[in-house]
Amino acid sequence: PRSIQHYYKTKNDLIAAVLENGYAAELREMKLFFASERYQSKAGADQIMAIVATAMNKAVEHPDIIFCTAQMQHILSRASERREQQLSGNWLYVMEHLQNAFNKGLADGSITKAMEEKLIDVKSIMLALRGIQEQVAFTMRDKALNELFEPQNVVKKYICQMELMLSGKQDV
């Protein structure tokens, strides 16, 4: 305990260090993903779907990480001395790549201007994605909620809904 207290004066300092370490590891993984030929060769709408599917599947595959990160962010957001602490993790980086994919989609025709104006944009994708990812992780960790909501199926349906919106087809 003394060694830890030497480096981290408060519990919030320790939580911030854990988050920063996790964000750094996640960022390395994301840079590989976004630089890959498999991702780069996709049309803009398909790049968006790759981002959405990856984030949603992470909530199913690693719910403890998503849930704990959200809880630590919540603790830091309430700590007055940590208000300046970045609580969004790598979401701004993801949003930048979503914007690039969206712009690519507008340029290559996989996303239409009408879709952007009436149906979907980067901000709505990002906010929904972040909220749903955290809720799926929470539901995965709770046995009763997991049985009630079947989060794996929710993820599949959300991904399918996004595909429908990005395809411009609202009929099934």
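Taking the conditions (1) in a helix (DSSP H, G or I); (2) at pLDDT below 90; (3) exposed (fewer than 14 other Cβ atoms within 10 Å of the Cβ) in turn, Leu148 satisfies each one other than (2). Of the residues making up the stretch 66-78, none is under 26 Å from Glu163 (Cα atoms) and among the polar types (S, T, N, Q). Here the stretch 1-41 is the region considered, the condition is being over 18 Å from the mean Cα position of the chain (by Cα) and of a type in the set (Phe, Trp, Tyr), and the residue that is least open to solvent (accessible area, probe 1.4 Å) is Tyr8. Residues in the stretch 1-26 that are touching a residue at least 40 places away in the same chain (Cβ under 8 Å) and of a type in the set (A, V, I, L, M, F, W, C): Ile15, Ala16, Val18, Leu19. Determine whether the stretch 105-112 contains at least one residue that is at pLDDT 90 or above, farther than 25 Å from Lys157 by Cα and not β-branched (Val, Ile, Thr). Yes: the stretch 105-112 contains one or more residues that are at pLDDT 90 or above, farther than 25 Å from Lys157 by Cα and not β-branched (Val, Ile, Thr). Filtered by the rule that a residue be open to solvent by less than 70 Å² (accessible area, probe 1.4 Å), over 20 Å from Thr69 (Cα atoms) and either at pLDDT below 90 or not hydroxyl-bearing (Ser, Thr, Tyr) (or both), the stretch 120-143 gives Ile120, Asp121, Val122, Ile125.
Condition check: touching a residue at least 24 places away in the same chain (Cβ under 8 Å), closer than 24 Å to Leu32 by Cα and open to solvent by less than 80 Å² (accessible area, probe 1.4 Å). Does Gly168 satisfy that? Taking the combined requirement at face value, the residue does not satisfy it. Ile65 meets all of the listed conditions (1) over 19 Å from Glu20 (Cα atoms); (2) open to solvent by 50 Å² or more (accessible area, probe 1.4 Å); (3) touching a Gly at 6+ places or on another chain (Cβ under 9 Å); (4) at pLDDT below 95 but one, namely (1).
All conditions in (1) out of contact with any Leu (no Cβ under 6 Å at 6 or more places or on another chain); (2) more than 17 Å from Met49 (Cβ to Cβ); (3) assigned to a helix (DSSP H, G or I) hold for Phe102, with the sole exception of (2). All conditions but one from (1) more than 30 Å from Leu19 (Cβ to Cβ); (2) open to solvent by less than 30 Å² (accessible area, probe 1.4 Å) apply to Cys160; the one that does not is (2).
Scanning the stretch 151-168 for residues that are under 12 Å from Ala45 (Cα atoms) and in a helix (DSSP H, G or I) returns Met162, Glu163, Leu164, Met165, Leu166, Ser167.
The values are calculated or read from the model by the stated rules, or taken from the named source; none is laboratory data. Bear in mind that the values here come from a model prediction, so they are computed numbers and not experimental data. Backbone-built Cβ (ideal geometry, glycine too); neighbour counts: all protein chains shown. These accessible areas exclude ligands, DNA and RNA; they are computed on the full protein's heavy atoms, side chains included. Shrake-Rupley method; radii C 1.70, N 1.55, O 1.52, S 1.80 Å.
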